[in-house]
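The structure under discussion appears below in the form of structure tokens.
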Amino acid sequence: MFEYIQDSLRDAIKTLCGTGRLTESNMRAGLEQVRKSLLDADVSLPVVKDFIANISEKALGISVKQYLDPTKQLIKIVQDELIALMGPVDHSLHLKKPLSILMLCGLQGSGKTTTCGKFGRLLLKRNQKPMLVAADLQRPAAIDQLEILGKSVGIPVYVDRETKDPVQVCKDAVKKATETGIDVLILDTAGRLHIDDELMQQLETIDRQLQPDQVFFVVDAMTGQDAVNSAKAFNDALELDGVILTKLDGDTRGGAALSVKYVTGVPIKFIGTGEIIESLEEFHPDRMAGRILGMGDMLSLIEQAAEKFDNAEMLKNQERLRKGMFTLDDFRSQLNQVNRLGSFSNILKYIPGAGDLSKMLNNIDSNADNQFKNVGGIIDSMTKEERDNPVIIDSSRRRRIARGAGVDQGQISNLIKMFLPMAEAMKNMSQFSVKKQMQTMQNLVNSVAQNPTSPISVAKVGTGKRLTADEKRNAKKQREKEKKKREKEKRKKR
């Protein structure tokens, strides 16, 4: 997401590094690069023109201030303009008692029905009692899909397969919600492959007769400029309260996110970042601007962690760290927690300064996440003694662990080399302040980013056992004996 814009903004700003003063001549080339990248990302032309004009007006004549170079001031100007372009956003749903009605509309294929389920789960987490209404009578599978989604998150779904009038279905759902003490009603309205008069008339009738408290337009971010045009058409007919942008985890260039608010005046309130039911989050222009400029988005990462992590397990790990304990069992427990946030490369995008590292990891090894999954198998194949003190793992132990985990012996060695310095760092960090911990993590990210392919160096540690010449000969004979035995078994199988 936003990779086109992100890369071009960085390149443009790099061309101005070392400049004592920003002038029209030295900014022209950089801003032209930004303009092309925004258009390539499918940002609306009027948006691009005003965006570039505002930056030029505010940046021209900036000179070096105390402890601050023009490049940093330019970044601040660009960040402010991005925030102004996408915001402000009022995230309140303005729910009222006894019943609030939320209406979701959009074209087919935008992820509207799935978003209804995600929205319901979000309200459930906020201690509301939502009900989903299957008012999309055009698409045959829409009702079944909504029922499955409702069942998966424990939310009731109002369904009437006999009635063919979606307006009547919505009215009956309001009566049912009032009788059963429901707080919020979420209407899944019909969609079309394209905007037509019949669709708009149906939606206008529902809007007029039920008077929903909030109307949201669900749109696929991958449709680019068409997403903005559709949002404008729906807003003209229904007076939208917000836009929900879906599929931002896909191959989207981000043009819709930068254009929707400017063109329609309707803010993006929520974004869908994946297919799973939990992947709906509030849209924060300031955080998104930080991600576009490579500054990360630690607040969103922290919020996701607070929601998805096992609190009891985290408290247990923190207590062990305070006591200076960090074993491979603890390491696996933390990996399992991190896996709840998604892929490793995706997590790095939220960390300040780690965007380049994320890109490098994707280029170096697209199967990085699969390798992390192997770690659990390796640790499970170890004894309790080996997990608590991996320095005792010698060649014979490595062979046994490798057979149990179904991996090469080299992977066992790599895991230990990675774990030992990490364990030392974790024990040390447990005694630091929060600020010092963040600085240490930032330094670790920067060092890996500078040379991501370089292995972590670690001093060799003895196993406490040195073999005599006779023991070495006996060990060699034993290895040869085991090798002959395996070859004999292979011949029998043939």
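The values are calculated or read from the model by the stated rules, or taken from the named source; none is laboratory data. Only a predicted model underlies this, so the values are computations on that prediction, with no experimental measurement involved. Ideal geometry is used to build each Cβ from the backbone, glycine not excepted, and the neighbour counts take in all protein chains shown. The area values use the complete protein model at the heavy-atom level, side chains included, leaving out ligands, DNA and RNA. Shrake-Rupley method; radii C 1.70, N 1.55, O 1.52, S 1.80 Å.
In nanometres, what is the gap between the two model label sites at Ala312 and Gln225, each 7 Å from Cα along Cα-to-Cβ?
Distance between label points: 5.5 nm.
Would you mind calculating the gained length between His91 and Arg403 on full extension (0.36 nm times residue separation, minus the Cα-Cα distance), in nm to one decimal?
Net length gain for the segment: 107.0 nm.
When ligands, DNA and RNA are left out and all protein chains stay put, how many square angstrom of accessible area per residue does the stretch 119-167 have with a 1.4 Å probe?
52
At Asp380 and Glu204, where each label point lies 7 Å from the Cα along Cα→Cβ, what is the point-to-point distance in nanometres?
6.0
With label points built 7 Å along Cα→Cβ from the Cα atoms of Arg161 and Ala233, find their separation and express it in nm.
3.2
If you project the alpha carbons of the stretch 152-300 onto their three principal axes, what span does each projection cover, largest first, in Å?
Per principal axis, max minus min of the Cα coordinates gives 52, 36, 23 Å.
Restricted to Cα positions, what overall size does the stretch 124-232 have along the principal axes? Three whole-Å values, descending.
Extents along the principal axes, in whole Å: 41, 29, 27.
Tell me the GluC sites (Glu not before Pro) within the stretch 191-241 that lie in a loop according to DSSP and have at most 15 other beta-carbon atoms within 10 Å.
Loop-located and lightly packed - Glu239.
Check each of the GluC sites (Glu not before Pro) in the stretch 126-197 and keep only those in coil by DSSP with at most 11 other C-beta atoms within 10 angstrom; list them in order.
Answer by residue number: Glu162.
At 1.4 Å probe size, with the rest of the protein present, what percent of the exposed accessible area of the stretch 75-121 is carbon and sulfur atoms?
Carbon and sulfur together cover 61 percent of it.
Looking at the stretch 103-258, what % of its DSSP beta bridges pair antiparallel, to the nearest 5?
0
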